[in-house]
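Computed from the coordinates by the stated procedures, all read-outs in this text should not be read as laboratory data. Treat the numbers as computed from the prediction; the structure is a model and nothing was measured. Note: ideal-geometry Cβ built from the backbone for every residue, glycine included; neighbour counts use all protein chains shown.
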Amino acid sequence: MGNALIDKELIGEPRLYDLAMRLEAETLHVLLYRSGEPESIVYRAVPLDAPGLPPERRLEETVYNNPLLLSDFHKVTILVDTTRYAIIPDNATGGDTLFAEVLADRMLPDTADDSRADTLFTPMSPAGVTVAVKMQSQLLAFLRRTFNNPAIYPPIAPLSRYFYDSSRIGHSGKIYVNIRRDSLDLLAFTGSRLELANTFAFRESADAIYYIMSVRKMLMDRDGDDRELLIAGDDALRDEITAVLREYAGYVMPVVYPATLVRAPKDVLKAPFDLIITPQCE
């Protein structure tokens, strides 16, 4: 049995709360909140129990060892950390669902692990794209039978929506970076048009800088214009790469957090950025 880090005394009346979670290989990040009340937000990072078991079994052990997660929440959103996603422009499919499925199959070719995988589609209507993602069938089945009508996305989905809103401010093209200790998400916008979204794994901060600068150069060579670089994510790593990027790029700034978080408990800012903004993107 694991340690119950999220017991039923943590909040009152779960039916008044929304539950948002981010599932990673070793950690389940949990956000509990009442809509429109940032001071109500509770954040916990829960290590997954039972190392050595398949991912869905580890998640099952962890959820049942944290009984509050089994409550009847007002809404449940689950971000599943994965790089098995593709961004499909809506103008490429003309709203044809079958054609979108064909494109997703081409953009996400099967691997040895995909024999029991399902493809999910998340329309991001304001940005004019659909996010397609492949997830393991057993994991999806557990999430759907355990939680009440959960919305299940890859983390790139709330990032696309949040940065779409920010990209419309000003006239310059923008590159947004969401950085973690071992990977980064990179999204490029021209005006309100999402042009590129990708996730890169890295071991050293120099590799992260290389990916960012390579994408910036590719877009500059194509368009002839520089891009604003806006960085979110892990505080220490963000500060480290920002100092280097400013030696080569004209505009490098931190991403602005939602203004409502001024009223949230301070430890909430320790949560992954894509999870923090999820309530803003619903």
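Taking only the alpha carbons of the chain, we obtain Rg and Dmax values of 19.1, 58 Å in that order. May I ask what percent, to the nearest 5, of DSSP beta bridges between residues of the chain are antiparallel? Among the beta bridges of the chain, antiparallel pairing accounts for roughly 70 percent. Gain in length, residue 253 to residue 7, computed as 0.36 nm per residue apart minus the alpha-carbon separation, to one decimal in nm? Here the answer is 84.7 nm.
For the chain, adding -39500 (n - 2.57) for each run of n ≥ 4 DSSP H residues and dividing by the number of residues yields -8500 deg cm²/dmol at 222 nm. Subtracting the Cα-Cα distance of residue 168 and residue 118 from their residue separation scaled by 0.36 nm leaves 14.6 nm. Label-to-label distance for residue 218 and residue 83 is 1.4 nm, based on points extended 7 Å past Cα in the beta-carbon direction.
Ordering 97, 82 by the number of other Cβ atoms within 10 Å of each residue's own Cβ, fewest first, gives 97, 82. Restricting attention to the stretch 167-256, close to 60% of DSSP beta bridges with both partner residues there are antiparallel. Counting only lysines at least 8 places from residue 174 when in the same chain, those with an alpha carbon closer than 19 Å to its own are 217. With the simple model of a label 7 Å out from the Cα in the direction of the Cβ, residue 34 to residue 226 spans 4.7 nm. Remark: the chain carries a charge dipole of roughly 280 debye about the Cα centre, counting +1 on each Lys and Arg Cβ and -1 on each Asp and Glu Cβ. In terms of Cα atoms, the Rg and Dmax of the stretch 136-201 work out to 15.2, 46 Å. Once the Cα-Cα distance is subtracted from the 0.36 nm per residue extended length, the residue 145 to residue 262 segment shows a gain of 38.5 nm. Would you mind counting up the charge near residue 15? Only other residues with Cβ under 15 Å from its Cβ, with Lys and Arg at +1 and Asp and Glu at -1. Computed value for this residue: -1. Cβ crowding within 10 Å ranks 75, 174, 217 as 217, 75, 174, fewest other Cβ atoms first.
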